[in-house]
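**Q** Please see the structure below; I have some questions.
Values in this text are rule-based calculations from the coordinates and carry no lab data. Nothing here was measured: the structure is a model prediction, and the numbers come from that model. Please note: Cβ atoms are built from the backbone with ideal geometry, for glycine as well, and neighbour counts cover all protein chains shown.
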Amino acid sequence: MATGTLTIDLDALAANWRALDAKSGASTETAAVVKADGYGLGAARVARKLAVAGARRFFVAVAEEGAAVRDAVGPNAPIHVFSGHMAGDTDMLGDLNLIPMLNSAEQMVRHLEALPGHPFGIQLDTGMNRLGMEPAEWAAVRDIALAQSPVLVMSHLACADEPDHHMNRNQLRAFKEMTDGINVPRSLSATGGILLGSDFHFDVTRPGIGLYGARPFEDAATVVSLDIPIIQIREVLAGETVGYGNTWEADAPTRVATIAAGYADGLIRAQGPDGYALAGKTRCKILGRVSMDLIGVDVSHLEEDPESLRLLGPGHGVDTMADAAGTIGYEILTSLGARYNRRYKG
Ligand SMILES: *Cc1c(COP(=O)(O)O)cnc(C)c1O
């Protein structure tokens, strides 16, 4: 068998939820963001485990993602949809009992006409300029909206992974200006905001990436491990090259292992020159370009030829791979391919 094994440690996931939950006070509810198929790890498995760990409220990006989560967590847990109430969503929102986070006056009209009496929340823009009502729009519809009893009012921080960024304080101030005095639960923070401290916690927090073991939650337990079988090992002489484009040339005799995964499995090409795999705790450099299904790795310095090499695991997580590729852990996680043999632990 040449497929790699992706191991998802659900106990570590639960531990990360509990650790983030412990960072806010008892009056703050810690929800869980399980969009994008649970950041690529399987929304149903992830949501069920988080529900057992204590999460009572979930967030997805689009209504379609609500189906798997609803199946996993049962009929009662609130599931919120960041994209709000889009045209064509009415039946899904109604049948699956999802809570659209309305982003505009237009969405609000659509929702109140299509699903009168059905729960909704409001998303406000406090400066990120991505989703939500801007201050003027909110001022115009606020009384109508509040008369319909929204279940949550939220906004999202643009720079929460940079604790000293002035944007955090500015958005906090804007959020308070727009929501102080309303009698509706409020939510501002994702993982980064939780780590900014209690001013940012309000009634509900919405961690995503930290649950899955990545920055900015530096103390997170490792959730994802990825082991790739070696198909063959060869001796390459000085002056010979490895892989497409001859981008790596041996300056000394080198043992090269060819492992069975590549960019079609989400191991993005850009990590090539700086990336490495692990044999136990020993680092092994990636040689040459990442191919679609194969990667060359230097195993010259190993005492024994291993049967597989590890690309992700404790101490060598998605952020390490992301750094080598000039991207972020979120992108590595959500790119993890469908071809792996997926094993859930815990
Ligand atoms: C993705 C997302 C989250 C979760 O963010 P993390 O950085 O992964 O913790 C929370 N809120 C909104 C609006 C999001 O889009």
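**Q** Specify the longest stretch of the chain that does not include any exposed loop site, a site being one of the trypsin sites (Lys or Arg not before Pro) with a non-H, G, I, E, B DSSP assignment and at most 13 other Cβ atoms within 10 Å.
**A** Excluding the exposed sites themselves, the longest stretch runs over 131-280.
**Q** Once the dipole of region 10-212 is set up with Lys and Arg at +1 and Asp and Glu at -1 on Cβ about the Cα centre, which of ALA44, ASN170, HIS156 lies farthest towards its positive end?
**A** Result: ALA44, furthest along the dipole toward the positive end.
**Q** A follow-up question, please. Evaluate the charge dipole of region 142-293 about its Cα centre and quote only its size in Debye, nearest 20, assuming +1 on the Cβ of each Lys and Arg and -1 on the Cβ of each Asp and Glu.
**A** With Lys and Arg at +1 and Asp and Glu at -1, about 100 debye.
**Q** Debye calculation, C-alpha points only, no solvent: report log10 I(q)/I(0) for region 157-243 at q = 0.21, 0.22, 0.26, 0.27 Å⁻¹, in the same order as the q values.
**A** The Cα Debye sum returns log10 ratios of -1.00, -1.06, -1.28, -1.33.
**Q** Could you give the Stokes-Einstein D for region 224-345 in µm² per second, using the C-alpha Kirkwood radius, 20 °C, 1.002 mPa s?
**A** 149 µm²/s
**Q** Let me ask something else. Pairs of Cα atoms under 8 Å, at least six residues apart: use those to get the relative contact order of region 10-212, whole percent.
**A** Once normalised by length, the contact order is 21 percent.
**Q** Separate question: Can I get the semi-axes of the chain's equivalent ellipsoid? Compute them from the C-alpha gyration tensor as square roots of 5 times the eigenvalues, in angstrom, largest first.
**A** 44, 20, 18
**Q** Magnitude of the Cβ-charge dipole of the chain, K/R +1 and D/E -1, about the Cα centre, nearest 20 debye?
**A** 620 debye
**Q** Calculated from DSSP H runs of 4 or more alone, at -39500 (n - 2.57) each and per residue, what is the 222 nm mean residue ellipticity of the chain, nearest 500?
**A** Taking each H run of at least 4 residues, the total per residue is -8000 deg cm²/dmol.
**Q** If we restrict to alpha carbons, what Rg and Dmax does region 10-212 come to, in Å?
**A** Radius of gyration, then largest Cα-Cα span, for region 10-212: 16.0, 46 Å.
**Q** Just name one of GLY346, ALA252, ALA140: the one whose Cα is farthest towards the positive end of the charge dipole of the chain (beta-carbon charges, Lys/Arg +1, Asp/Glu -1).
**A** Going by the Cα projections, it comes out as GLY346.
**Q** Just to be sure I understand: with springs between alpha-carbon atoms less than 10 Å apart, which residue in ALA220, ALA36, ALA55 has the highest mean-square fluctuation in the Gaussian network model of the chain?
**A** Residue with maximal mean-square fluctuation among ALA220, ALA36, ALA55: ALA36.
**Q** Scan region 287-341 for GluC sites (Glu not before Pro) in coil per DSSP, keeping those whose Cβ has at most 16 other Cβ atoms within 10 Å, and list them by number.
**A** Passing both the DSSP loop test and the Cβ count: GLU303, GLU304, GLU307.
**Q** Need one number: nm distance between label points at ASP251 and ILE233, each 7 Å from Cα along Cα→Cβ, rounded to one decimal.
**A** 2.4 nm
**Q** A further question follows. How much net charge surrounds PRO163 when only other residues with a Cβ under 15 Å from its Cβ are counted (Lys, Arg +1; Asp, Glu -1)?
**A** -3
**Q** I've got another one for you. Treat every Asp and Glu Cβ in region 10-212 as -1 and every Lys and Arg Cβ as +1, leave all other atoms uncharged, and give the resulting dipole magnitude about the Cα centre to the nearest 20 debye.
**A** 560 debye
**Q** Could you please rank VAL52, VAL318, placing first whichever residue has the fewest other Cβ atoms within 10 Å of its Cβ?
**A** Taking fewest neighbouring Cβ atoms as first place, the list is VAL52, VAL318.
**Q** Tell me, what HN-Hα J-couplings in whole Hz come from the Karplus equation 6.51 cos²θ - 1.76 cosθ + 1.60 at θ = phi - 60° for each residue of region 133-142, using x for Gly and Pro?
**A** Couplings: 6, 7, x, 5, 5, 4, 4, 6, 9, 3 Hz.
**Q** Provide the FRET efficiency to the nearest 0.05 for the VAL52-ALA136 pair, computing r from the beta carbons and using R0 = 30 Å.
**A** Calculated value: 0.10.
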